[in-house]
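Worksheet: the structure to be examined is printed underneath.
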Amino acid sequence: MIKAWDTLDAIARHPDIVSGAWVFRGTRVPVAALFENLRDGATIDQFPEWVPGVMRTQVEAVLNDEVQTLATATAVCGSFSIRAHLSHYGDRSLGTSLRPPMSRDGPP
């Protein structure tokens with residue numbers, strides 16, 4: 001599925017800005033940084049506080065778009081179950097591990 005982020009006013013991309021990565025409009029902050037911070041435990045209130053130039057409304061627009069994308073994908077896929085997929089193929093079939101990364105000292 002191709003992302004249609006080009007319709008979101010909250011973000012932009014240009015080949016000369018962060019090598020063409022999607023960024024929050026008016027900044028050089030990659031949208032990927034939002035997802036990385038959320039994955040690491042940040043809240044949607046903390047991210048704009050930590051990152052100058054990014055507004056909460058921009059964060060909400062990106063997240064709302066992702067919710068809509070997931071809802072659409074669920075409707076299109078119907079009975080597709082990620083749990084069934086993982087139990088049959090394992091998490092490596094998705095191209096990434098769904099497990100938290102291990103520390104350098106090994107598993108907890």
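Observations, loosely collected:
- Test: residue in the range 1-12 that is modelled with pLDDT under 95, more than 24 Å from Ala71 (Cα to Cα) and not in a loop (DSSP other than H, G, I, E, B): no
- Residue ID - surrounded by the fewest Cβ atoms within 10 Å (Cβ to Cβ), chosen from residues in the range 13-34 that are outside any helix (DSSP H, G or I) and either under 15 Å from the mean Cα position of the chain (by Cα) or of a type in the set (Asp, Glu) (or both): Asp16
- Restricted to the range 30-76, and to residues there that are in contact (Cβ under 8 Å) with a residue 40 or more places away in the chain and of a type in the set (S, T, N, Q), the residue that is nearest to Arg13 (Cα to Cα) is Gln58.
- Members of the range 51-73 that are assigned to a helix (DSSP H, G or I) and loosely packed, with under 12 Cβ neighbours inside 10 Å: Thr57, Val67, Gln68, Leu70, Ala71, Thr72, Ala73
- Taken as a whole, the structure places Val54 among residues that are modelled with pLDDT of 95 or more, aliphatic (A, V, I, L, M) and touching a Ser or Thr at 6+ places or on another chain (Cβ under 8 Å).
The values are calculated or read from the model by the stated rules, or taken from the named source; none is laboratory data. Every value quoted in this text rests on a predicted model; they were computed, and no experiment measured them. We place every Cβ from the backbone using ideal geometry, glycine too, and count neighbours over all the protein chains shown.
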